[in-house]
Every structure is written in C-alpha cells, then in structure tokens.
1. What percentage of all Cα-Cα pairs in region B:513-593 are separated by more than 15 Å?
2. So if I take the centroid of the Cα atoms in region B:432-478 and the same for region B:611-639, what is the distance between those two points in Å?
3. Over chain A, give the accessible area per residue in Å² for a 1.4 Å probe, as an integer.
4. Starting from the 7 Å offset along Cα-to-Cβ, what nm value, one decimal, do you get for the label separation of B:Glu813 and A:Trp579?
5. Considering only protein heavy atoms, with the full assembly of protein chains and a 1.4 angstrom probe, order B:Val102, B:Val156, B:Val447 by accessible area, largest first.
6. Could you tell me the center-to-center distance, by alpha carbons, between region A:417-469 and region B:104-177 in angstrom?
7. What dipole magnitude, in Debye to the nearest 20, does chain A give about its Cα centre under +1 on Lys/Arg Cβ and -1 on Asp/Glu Cβ?
8. Using a 1.4 Å probe on the protein chains only, how many percent of the accessible area of region B:327-418 belongs to carbon and sulfur?
Amino acid sequence: MNWKSTLLLLAIISAFLLVMLGFQGKKEQEQQDRPEQSSSNISKDVPSLIRGEITGQKLMVELACNACHSGVSDSLIISNRAPSLNYAGERYNQAYLFEWLQSPKRVRYHIGHSRMPDFQLSEEESLALTLYLSQQKNLPQPAPKYPKLSSENNIIRGRANLDRGKSLMDKHTCFTCHTLNGTGNLLITDLSNSSQRLKADWMQKYMAAPSYFTGNNLMPHLFYRFNADRTLLLPLFQNPEEDIKDIAAYLFSLNKKEKSDQEARYEAFKKKNKDISAEMGEKIYLAQNCSACHNGPVPNNLNIEKAPDLALEGQRVQKEWLSQYLNKPTMVRPFGFHPGSGSRMPDFRLTPEEIALISNYLNPEESAENKFASKKLSAFSSSKAEKLLNEKLPCTGCHQLNGEGGKIGPSFDQIPNRLKADYVYNIIKNTHTLIPKTMMPRIPMPEQQLELIVNYLIQDKPRSPQSYTSLINQEPYFFGNFSDNKGLYLKYCASCHGLEGNGDGYNAINLPLPPTVHANSEYMTLRTDATLYDGIYAGGYMLNKSNRMPAYGYTLDNEQIKSLVSYLRELCECEGPSWSFDN
Amino acid sequence: MAKKNKKNKKQVPPSKGKKKVVKTTEAIKQEKPQQKKRSPKVIAFGVLGLLVILFFLSQTAWFKNLNLFSGSGSNTSAAVRQAFPQFSGNINKEEIEFNDFVGSETCQSCHAKEYDLWKKSTHGQAGGSPSPDFIIGEFDGRGRPFADAIVTPQRVGNQFQFRFEPEDLPAQTFKVDAVVGKGHMIGGGTQTYFSRFPDGTVRFLPFDYIRDEKVWFGETDKGKGWIPITEDLPINDLSEWPPSRILGAHLSLDNCQECHGSQIQVKFDPEQKKFDTKYKTLAINCESCHGPGKKHVELALSGNIDTAQDIGMLALATLSKDESLEVCFRCHALKDALDPGYLQGKDIENHYGMKLPILGENPYHPDGRIRAFGYQQNHLFSDCYVNGSMTCVDCHDPHSQGYRDITGKALASPFDDGQCTGCHGSKINELELHTHHKIGSPGSQCVSCHMPYLQHQAMGDELRFARSDHTIPIPRPSFDEEIGIQNACSQCHQDKSVEWLQAKTVEWYGELKPHKEIVANLSKTDADMDRKSAGTLLLNGSTVHYVGHMASLSKFVKNYISPDMASLEPEIVDGIKKFVESPDLDIKSLALASLHLAQDNNPAIHNYLAQQLENLKPEDQAKVRKRWVMIMPYLVKKYEDKGEFQKAIIAYKRALEVLPNNFTTITHLGYCYQQMGNSSEAIRYYKKATQIAPNDDMSWVNLGNAQQNANDVKGAITAYLKAEEINPWNAITHFNLGNYHYRLEDMPNAIQRYTKAIEIDPSLSQAYFNLCRSYIKNKQFREALTIVKAGLRFDPINETGLQMRQDLEEAFERVR
C-alpha cells in the first residue's frame, strides 16, 4: 500500500465513524442492565453488539422503528443508510431480489445496526415487489455523460481479461473495504456474490462514478473524476474503462452456477404466476412503508399511521411475549395496522442482546400493582362470555375468537400470552383515553360484564394458527386524510362496507352476515336518516342486524355521525322516505 | 273481548264453564244454570296484565295409539289419501317438579348483591303473607256498605279479615291468607287479597284496594269496569263475587294461572278429597326467571360448580331477543293454556300458546294497542321489536326492576330519555327540534309522546289504571280517535280537539310515518270484503311480524273459512300454506288447522297436511298437534253458537285425526251430541272421556247427564256418585244429585243436595230455584221465599225465579 491508499483508508474509516455517530446526538447517560444471554446460538447475520456502546433507545433509532411506530425517537439517519430504490431496476438482478426479499441477508456492513428486515413476504408477494422494483429505472438527474463502457453481454460472458480483473482489484484497493471469498476487510460489502446480486451495467457505472449514485459516499472515485459542473467524467488514468470491464467481468465470472440456478428458479416461478403484476408490487411497497427508509418511487413521509404507539408498549404487552415477538415477529394484525394497511412487523433478526435492550427499553419491569384483579372463570362463565362476544357484542366484527371473526384488529386468541390484563381492561373501558386516534370504538357496558369479558379474554386457551392476509389477493387500504366525510367513512366503515360502499370491504368475508351495501339506493331509500344515524350510533345489534357492527356513539361525535350519514347519501345517491322529513 | 272468550269456553267441559252442561230434570228444564260472567280479573291484582284462558288437553300419557275415533269426517274417496302419521308421543322431557325449586333465600347465600336488589324490587314485593308491613288497604274496622251488604275490612289480633254481612243471609268472615300486589305501579297500583277455602283452594276475594285513590273497589261485570264500593252497588254486580277464582291453575276452576306468586301448584288430592294449593312465595322469586335451582345448589355445595359446563342455570344475559322476551312473557302476556302443570324451566311452548288469544277475541287493535289487557306483550308490535332487538331487560333491570339504558347504565326513572336515546342517538343533539317542546318540559320527554300512560279501557274511568303504551307508537291523534284510544297529546293538551292536535302534528312532522303494511292491511279489511280481496290483504306474510301474521291469518280464517268448503281459490290455499312455513308454532298450527277444516276432502290438501305432519321436527310434534286441536273449537265456535253442531262435529272429528283420544276433543264431541239430542253418541264419547281421565269428576257428571237423558236412571246415579266420590267439592255434582232426588220426589235429600251445591258455589242460581221448588214441594214456604230471593240476586231477571217469588209473596199475602 502506498501512502495515498493509507490516507484513503483513514479517510474512509473516519467518514464511516461519522456516519455511525453523526445522527445519534449526544450520548445518553442511561445505563441499561443487560441480562446475561448466551450468544452461542447466534447464527443471524447481524452486527454483533459491543457491550456498553448502545442503548435500547439508540438501537431503535438505528433500526428506524419510528418509520412505522409512534412513541419512539425519530431516526434521521435511516434514509442515508438505506439504498435508493429509484433505480433498483437498473441496479439489482431480479432473480436475486426475488429471493432476497423473502429472506433478506446482510449485504452492507457500514450502516451500523441498521438493517433490512424480513417482511415475511410470500413468494407471490416477493415476485410482485420484485417486478415493481425492477420497473424503477430513474437514475439520478442530471446524469453525467458516461464514457463508453463495455456491454453487459461482454461482462456476463467474460469477454475480458479475468486474471487482470482479479489483480486489479488489489491494485485499486478494493479489499480495503470489501471482501471477496474471505480476502479483505469487510467494512462495506462482500463482493463474492455480486454477480448474483447486481446488474453488470450498473456495476460498471457505479465503479466509474460512485458519487453520482450515492452522493458523498464512502466509495472513492478510482477511475474517473467529475469535471467542475459534474457533467463529464474525466479519466484518472488511461483507459480506465478497461480496468472496470476486467474487474466487473472477473466478479461476474464467480458464482456462475448459483447465478444461473437462481435465475432459472425465478423465471420458472414468474412463468407460473403471470397474473402477478408490478402494480401489486407497488401496493406492497406502500403497505410495508418501504419509503419510510428508502428513497424511491414513493415520496417519504406519507404520514400514514401504520403501527402501534410504542410509548404504550410497556403498558400493553407482557415482557416475555415482547422478547419472543422481537426474536421472531408473528402476525398480530392480519391485515396490518388499521384500517387494513397490509403492513407487517418485519423480523429484524435481532440478537438476544438487542432483544434485551429493546424489550427492557419498551417494557420496564412489571409493576407490582395490577389494577385489574383477574379471576379464573368457571366453565359456565367462560361459555357465557364467549356467547356474549359471539352474539351480542361487536368485538368479533374486528377480532378473531377461536378462529372465527373479523380480521381488522389482533386476534383474541393471542391475548393471554400477549397483553397485560390491565391494558385489556383499559382499552375496552377507556379506549380513547388510552389511544386517542384508534378506530376501535368504545363500547360501554356494565362493570360486571366488562370484568367477565376481560377475564375471559386473558384466560389461557388453545390458539388457532394465524397468518397474514395475502397482499396478492387483497388490496391494502391507504387512507390519507381522515377529516372529511369520505375520510371518516374510509377509516371507520370501509373495512367492512367497502371503499365505494358496495359491502365488499376486505373484512366482509370474515363476517357471518354481509355488511349493508350503502351504494344500494333501492334499499337505502327505505332507511331514514335518523335510522342511519342511530345505526351508526348504537350499532347493528340494536337494529336487529349484525352484532358485529359496533356502536360508534361513544367514539364519534354528533357532527361526525352526521357527516357519515350525508356521505352514505352520497354513496347511494338517494334520500330517505318522504315521510321521514319534518316540515 | 277476552272476557266473553272465557265465557264461550264455559260451554264445554272441562273448562271453567261446566255449569252450562248441567242437565236439568223436566221439572226445572226451562231454567238454565245462570252464567255468571267473569271479567278478566288479574289486573285487579295490581301487578300484571294477564288474562286467563284455559283450555286443557288430556295428559300426554294418555295419548295411546288407539284409533277408535280417527275416522275422517270427509265423505270423499280415500283412494289416494295418505293416512296422517300417528303421533308417537310427547318427546319433550320434563322432569321439573315443585321440589326442584329452592327459594330465594337459598340463592341469597351466594348471590347476596342480586338478592338485595331483588328483595326491594316490585318482584320481590309482588305479594306476601298478610302483615302490617305489607298491607296497604285500610283494615280499619269501618263498614263499607254495598246496596245489599256491608263489608268490613278489619284487623282482629294478627289477623286481617273481611266481615261480610249480606241482607237476609247469615254473615261470613273471610280471613286474609295471601296478599298480592302492593300498589307499586305508577299508573295506578292496587292490592288484592286471597283467602283459603275449605276445599283447599286459595280464592281471590272481590274487595281490592287502590293506592292513589285510597278506596276499596271492586270489578263489576255490568260494563262499568272498576268502581269504588258504594251504597248503590249490589254485591252481586261484582264479577268476582262469590269468590271462585283460585290462585294457581287448575283445569276445572277459574284461575289466575301461575303468575301471581312463585311456583304455585294446585292439585286435587284424591286421598284428602280436596285441593292441595302450594307455592314457594307470593313474591316473584329468583327461580321464576332463572328456573329451578336444586341442581345448581347441589353443584355449588359439591364444589364442582366451577368445572361444570351445565350449572343448572341458563345465562339469561346471553339469550336471543325472543328467548329473552319469553322469560318475561311467562307471566307478562296473554296466553292460552295447552297443557297443565307448567313450571318455570319447562318448555313454555309445550304448555302455552302465546299468540292463540289473538284467535279468540283479539286483544289488540290492528296496530297492537290493547283493547283490554296485556300491555307488555304488545311490545311485539313496536318498531323497536320488529325492526330492532329490544327486549324487556334493555330498559328494565331484571333484578332491581329499576330503569336502565341499553348499555346497562342505571337511569333515574321510567321517564328518563336514556331509555330511548341509548339507541336513538339522532335525537340527543336536536331534541327540541324533534319534540317542539322545551327541553326539560314534560312534553320533551320521549315517553310522553311515545309511551304515554293510557287508561285501560276495560277498567272504566272511575279509578286510574293506566299503563304505558309498549307499542311505542308515534302520536296519530286522528287514528287513535278512530280506534278509541286516547292520544298522547291530549294527555296534557286536554283542551285541544283531535282535529287541532292532528293538524299540529302534521304541521310539525309533515307526512306521518305510514303504518306497517301488515297493520295497514288489517285496518283495511272489513266484513263486507269478498274472500279473494281479503286474502290478498291478509295472507301476505312477506315481512317478519309474527303477531301481525297471527292477527291477519286469524281475521281471515274466522271470517272466510268454514268446514268442508266446496272449493277454495288456489291463491288463498297458497297464502295459507305460506303461514304453514312460519317458524311460529301458533301461526303454523292455525294455518294447518284451517286447511284441515276447510279442505280435507280435497285429497291434495289432505296429503299435503299428512306430509306437513310427517315433516315436523320431533320436538315440535306434540306442540303443533296440541295447538292444532286446540284451534278447532275457535274455528267452529260460531256454528256452536248458532246450534249448528253438525259442523262443529266435523272439526272435532278432524281434531281426533291429529291427536287421537284427546280428552278435550272427546268432551267437545260428547257435548255436541248431547246438544243435538243424540244421547247414545254423547254417552259413547263421555264414557271415553271417563276412560281417558278416570279422576275427572266432571266427565262423570256429563256421563250421568247423558245417561239421564237416555232414561238410564241407574247409570246416571252411578255416575254422579262416582263424581262425588272423586271430588266432594263440586257444586254441579251435588246439583245433579239434587235433581236426581227431586225426580224421585225425595225432597229432604234433594234439599240437602241443593243446599250443599249453593254452599260450595253460591253463584249457582239454578240451584237456588230448584231448592225453592223442593222447599215448596216440602211445604217449607218461608225457606222457599228466602232462597228464591237469594237466587234472584244472582239472576235477577230469571222468569221462573221471579214467578216463584211472586207466587210465594202472593200466597203469604193471602195467608196474612
């Protein structure tokens, strides 16, 4: 190594440290007691923790929990760390994306504790997302004028001096930051499988002008430099395109078998699933809130509330459950956070140490004082509670009970392991005090009945298997502004009654009785405005209809219910019967 | 109304009207036993509106497969006719007994909170033993004069009594043994008193007390309703004088059913030869709603109650709308008895037909407003029921009897808007816009207009007895005027005319909400309408409205269906068949019975009926068949009234195809043949009745009468004596034995029998007149005059009685 490359290395390391620390603000003084955990079984490809360096709060910033959740610190670093997806189609091999999205592995080693989590996508969902990402070919503008680089075909077929390419990598100090089959320093990425991962064109373009893609990135300009107005690439030595070609061709000569197998698998699956489209992928992209971390085709900050407020997590969930959940998140809300966003809690492949940090941070030790005095129910009381839930109360319109019921909120079958009794009691009794903006309605009931229901919900019982609603079969609901009439309808009604009032909301199939079709003018014209109001106010059971339709009289105010009634009239394009209007 | 309804039943034993079947000797042939009218009395108890219409069928154990009487009355070829499937017996298991009930004090030991609420409630205080705490009537020792008697409510030591002193006759004292009601009801609360009689029954005394007016009153049967006791009122104008209506239900006595107390059981004890009346309490106890507690208590004591899925109790809070209503309607409803021996916890459908009274003198106006009683059950006409889920307990807390809203929040009073606005949120914020009355004013309260307290029409106007309108209507001043109901507005605006009120209503609310189609159709049909047009209006069961269906079908069937009709329009047959599909068994059975009566001679219809019987669910077999045969008398009543017994016989023979060896049907047949003068057939059926129910004394009396008619004097006396052996407390038996002795010119024995009959039933006026004749024949003229005067109190226009009195008085005049 000459002095130049040493200097470069130093610069890179200091830049790296800056990125690591730059956005984390002052060091928190909080000392978390981390429980001793064996790390012998850690097989996850995640960064190892260095004791004392990071707190739960900081880790959550690194993981960008705030991208979906409220109640945690903002993470300003994440959009710098997550790769832009604007030109994912230019950059990534589709076959690689398809498999990697289903089971992301660590690729980049310079982004601290940040990582791409696993969204538990099915093959179909992954295909859709891959197709969508592959359409993204918006290279940064303005683009510089590139020198003529070798054709993709040449690179892939190895029409180059591969031996030279191999030795050039050393010469160009690649291994200062990259590894290749065990050689080098793994500071940025491992290049061993880059032939599977990347497109040849993009690899060459990137080598030629890394800062064009990623700003003041760590990757130095080794072959070209920009002119002053960054419109031209000026060679740093003679014929750098030859070096680029040889290096790229060398990298593409590796893992050829894996690459072609991977592509064959992808093509076969794609062929079998011709009905899966990029549009579906776009929905998934939105549903999983990819733009919260990645720059890409959808602007950041959609301001969609997608996940529970983590400030409440300590009140809400049991410590043990939280640890298990962080270790391997399982479905809680079948179709995502309300109102059916399709969002999922991804698996961050946390190490036991990380899990401990987060769960200690979110869920301080149980306080000895439990306000709700839980009581073991008799067999009779249990069946009474069950019958009330199934036939009288609206709860099972949104929540599953014994494998039956709505799929808007979390299944009741998870409660005994997951939630604290106090929380269950409070969310029913003081719904909006606890979570002001929740779509869950408050259903007042006698204290004795409330206690019966809570005791029933928290008692342990066999759980039926749960899985996410497929984003292929069901379009997620994206509701933006909830303040106008339509917004209210979308938030509170559309999940069952459908976006256009056709009774075909995503939750409709889970209900024993079909939801009213608000667009049906023949029917709706028989209902008076007062009946529509009262139905919203007091719920379906009162109208001799489905008990699964909740009473919103204790959730929405008079003006809101009136707005909904007038929106129903817009949907049906009708009026109530003539006699129903006072003089 | 229902009152007449009961009277009609009296024509046929073994219902209450056994007096009418008494056969008299030639000597007194012209004198029919007097019909003593009975007004629906239960309201007098001050708590419940409840009518008693009894119609007992034979015990299920007697339903053997004997087919002696199963021949069809039809005369058409039976070549392609399917036989009706045989009734395989009652599968509804009922093992609940009086001893399965543990009483509220036992419940208290675990359920103290509920017990305490209940104890203070109107149910907890519904009735009890006479005690100074419980009695609200003035037992002050002051005589209350009638026109011809003085009644003195008095307290002697710890006893509460009525001293009864009639003119001419010896004084009597009735000790109060039971008290029902405590004057709880807002619209007029009363208290009623019972006394234990020597025959073991506990009988209702006709002197009631009303809380607000603070007067003693009685129910009259002269169309005056309830009136205070005054010097103008003859004692015999009281419908319940002399006391004959019993607490509890028995097939052969006027009664109050099982509702004015808890688990009341009346059984005739053949050993003691008298009635055995028992009850857990005169309050309405826990088990009245929850059912028998024995199994539950045993489980609790065994410590296994927490693991038992069946704890011997239902969770009443989880009942469906109709199941929940049924718990209350056990008492708070008009109902026809199908089978004796109902106890809470048994399947009420097996014992009572809730909608059958509609087939009698329909207790409801077309919109469900009551004509007489049963103001709770007409909730079934309300929009809150028909298009909603409302049950009693949505407003009435079942333990405290206090008021609450739909979420269970306690409300201060029955006038609290929360009862309505718990569902009708649309009215909360724009209350004044809706009511046109200032917030806080009486007119602003929901119930002022939608559940006004309406005076019960049958009570008259002298005493306030108003109950809130549970059809929850909208005010329609003109319509209400048409059907004779006070409209809500004029509760306050008494100075305004109906026209003014109607105009104001329209000014405020515009076009009024139309009545439901079924109600509108009921109003539209009248007697002059042709069958087809009426069918179009009444046989339309498209909307779910069961009481409306029952009212429509009943109206149609009673006006347009007769036995063995030559033809019936296919539209009408189809219309009735639609009601056969009804899940409501009363409606289904009525539809089946009417087709059976009218068109059984049509093989297609006959086979359809056979198929319907075949298709019945096993648990519905007994219920439908019992209703079916019970409906038949309703359908042919008008023919019996006209003396066309041959037509009635068609109905009863059809009934036997459905339920062979049915005691009631067989008795009806005996009665019809008796009336037609066909003694041999009458004897055949009455004999059959005594075989089916050997311990029914009235059947023996009927048999004796038929045998007497056939001049089988020996057979007659044997039958009468058998009846007396079974039950020495039956006045009719003694009366007929008196006739027997009279015919043999054995006056001392005749006098003794008639005297006994009068002692048991002082209202049996014919016994007085026959006794008078016996005294005359025995030359005891003074006794004869006294007794004929006493008889004329009950039947003042009886010509024979009047003649005898005149003859006797003239004779005495001449002697003097």
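The values are calculated or read from the model by the stated rules, or taken from the named source; none is laboratory data. From a predicted model like this one, the values you see are computed outputs, not experimental measurements. Here the Cβ positions follow ideal geometry from the backbone for every residue, glycine too, while neighbour counts run over all protein chains shown. Areas reflect the complete protein model, heavy atoms only, side chains present, ligands, DNA and RNA absent. Shrake-Rupley method; radii C 1.70, N 1.55, O 1.52, S 1.80 Å.
1. Of the Cα pairs, 52 percent sit more than 15 Å apart.
2. Between the Cα centres of region B:432-478 and region B:611-639 lies a distance of 40 Å.
3. Spelled out: the 1.4 Å probe surface of chain A, per residue, equals 46 Å².
4. Going by the 7 Å Cα→Cβ label model, 6.7 nm.
5. Putting B:Val102, B:Val156, B:Val447 in descending order of accessible area: B:Val156, B:Val102, B:Val447.
6. What the calculation gives is 52 Å, centre to centre.
7. The dipole of chain A has a size of about 1460 debye.
8. Carbon and sulfur together cover 53 percent of it.
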